[in-house]
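As structure tokens, the structure follows; a few thoughts come after it.
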Amino acid sequence: FSQKLGSKFSVCCSSGTAAGTLALMALGIGKGDEVILQSFTFIAAIESILMTGATPIIVDTDETLGMCPKDLQKKITKKTKCIMPVHMLGKSCNMDEIKKISKINKIPIVEDACEALGVKYKKKSLGTIGEIGFFSFDFGKIITTGEGGMLTTNSKDLFIKLKALRDHGHENKINIHRGLDKAICRGFNF
């Protein structure tokens with residue numbers, strides 16, 4: 001998956017919704033935090049934010065059917081801890097402008113690319129532009145496994161954290177018996 005998309009790391013999990021939740025958890029998003037996403041989305045993006053205890057903040061869409069950068073800039077507050085552009089119907093959000101806003105405000109991007117697997121934005125695969133990208137493999141998506149999800153990142157630290165969070169906090173060390181693999185964080189069975 002990483003080789004095809006051009007990310008350094010990929011982590012599979014039980015669903016796209018679980019993937020969105022894991023992405024936010026890996027970044028430490030929680031109660032009292034705000035995550036910005038756009039009005040044209042699927043409910044799972046909002047559910048993943050709510051699962052962490054954070055508050056979804058909705059911005060308008062623009063001609064891309066995605067996040068409007070002008071409205072995004074207006075909605076950023078001291079509580080904003082993540083920007084989650086949702087690439088709907090195989091169409092990319094304006095990632096140049098969103099990345100610029102992210103960098104200026106030092107706010108990480110988690111890309112919901114559940115409906116955009118294989119789509120490129122200026123020669124980069126969607127889901128590989130932000131700190132973490134995530135995908136869904138449910139029956140209505142581009143590739144299906146019946147259910148399932150995938151996360152991509154270029155950060156080794158986030159990769160290790162994502163693997164642990166999705167597997168009861170286990171380190172997932174190779175050649176270590178499952179019963180001896182210590183936990184590095186609180187996790188869940190995703």
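May I ask you to work out the translational diffusion coefficient for the stretch 27-114 at 20 °C, viscosity 1.002 mPa s, via Stokes-Einstein with Rh from the Kirkwood sum over Cα pairs, reported in whole µm²/s? If you can, show how the numbers build up before the last one.
Details: Rh = 12.6 Å.
Answer from the Stokes-Einstein relation: 170 µm²/s.
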- Total formal charge among the other residues, if their Cβ is under 13 angstrom from that of SER155, Lys/Arg +1 and Asp/Glu -1: +2
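Restricting to Cα atoms and excluding each atom paired with itself, what does the Kirkwood estimate give for the chain in Å? Mind showing how you got there, number by number?
Details: mean 1/r = 0.0609 Å⁻¹.
For the chain, the Kirkwood estimate is 16.4 Å.
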- Query: If contacts are Cα pairs under 8 angstrom and at least 6 residues apart, what is the relative contact order of the chain in percent?
  - Reply: 24
- Paramagnetic reach from LYS8 in the stretch 145-159 [backbone N under 16 Å; point 7 Å along Cα→Cβ]: 152-159
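Relative to 2.2 N^0.38 Å, what does the C-alpha radius of gyration of the stretch 63-105 come to as a ratio? Two decimals please.
Numbers: Rg = 10.4 Å, N = 43, 2.2 N^0.38 = 9.2 Å.
Here the answer is 1.13, to two decimals.
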- Query: How would you order 41-48, 99-106 from highest to lowest mean count of nearby Cβ atoms within 10 Å?
  - Reply: 41-48, 99-106
- For the stretch 10-62, alpha-carbon Rg relative to the globular expectation (2.2 N^0.38 Å, N residues): 1.12
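Nearest 5 percent is fine: what portion of the DSSP beta bridges confined to the chain is antiparallel?
Values: 15 of 29 bridges.
If I count the DSSP bridges inside the chain, around 50 percent turn out antiparallel.
Within a Cβ distance under 12 Å of ILE101, other residues only, what is the Lys/Arg minus Asp/Glu net charge?
Working: positive: LYS70, LYS74, LYS75, LYS99, LYS100, LYS103, LYS106; negative: ASP71, ASP96, GLU97.
Every neighbour counted, the sum reads +4.
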- Task: Grab the other residues whose beta carbon is less than 15 angstrom from that of THR77, score K and R as +1, D and E as -1, and report the net.
- Result: +3
- Within the set LYS99/LYS156; LYS74/LYS99; LYS31/LYS124; LYS70/LYS124, which residue pairs have Cα atoms separated by over 26 Å? LYS31/LYS124
- Unit charges on C-beta of K, R, D, E only; dipole of the stretch 34-177, Debye: 640
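Specify whether the C-alpha gyration tensor of the stretch 92-190 places it in the rounded, prolate or oblate class, a ≥ b ≥ c being the square roots of the eigenvalues: rounded for a/c under 1.5, otherwise prolate if a/b is larger than b/c and oblate if not.
Numbers: a/c = 2.80, a/b = 1.51, b/c = 1.86.
Verdict is oblate for the stretch 92-190.
At a 1.4 Å probe, what is the % contribution of carbon and sulfur to the accessible area of the chain? If you can, show how the numbers build up before the last one.
Details: 5440 of 9670 Å².
Carbon plus sulfur share of accessible area: 56 percent.
For the stretch 139-184, what's the relative contact order in percent, using C-alpha pairs closer than 8 Å and at least 6 residues apart? Could you put the intermediate results ahead of the total?
Details: 27 pairs, mean separation 10.6, N = 46.
Here the relative contact order equals 23 percent.
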- Message: In Å², and per residue, what accessible area does the chain have when probed at 1.4 Å with the other protein chains present?
- Response: 51
- Most fluctuating of THR152, THR52, THR77 in the GNM of the chain (C-alpha, under 10 Å) is THR77
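At 0.36 nm per residue, and after removing the present C-alpha to C-alpha distance, how many nm does the segment from ASP96 to GLU47 gain when stretched out fully? Could the numbers behind the result be given before it?
On the way: separation 49, 0.36 × 49 = 17.64 nm, distance 2.64 nm.
Taking 0.36 nm per residue and subtracting the Cα distance, the gain is 15.0 nm.
The values are calculated or read from the model by the stated rules, or taken from the named source; none is laboratory data. Because the structure is a prediction, the values reported are computed rather than measured. Because the Cβ atoms are built from the backbone with ideal geometry, glycine has one as well, and the counts that use them run over all protein chains shown. Quick note on the areas: whole protein, heavy atoms, side chains included, nothing else; ligands and nucleic acids left out. Shrake-Rupley method; radii C 1.70, N 1.55, O 1.52, S 1.80 Å.
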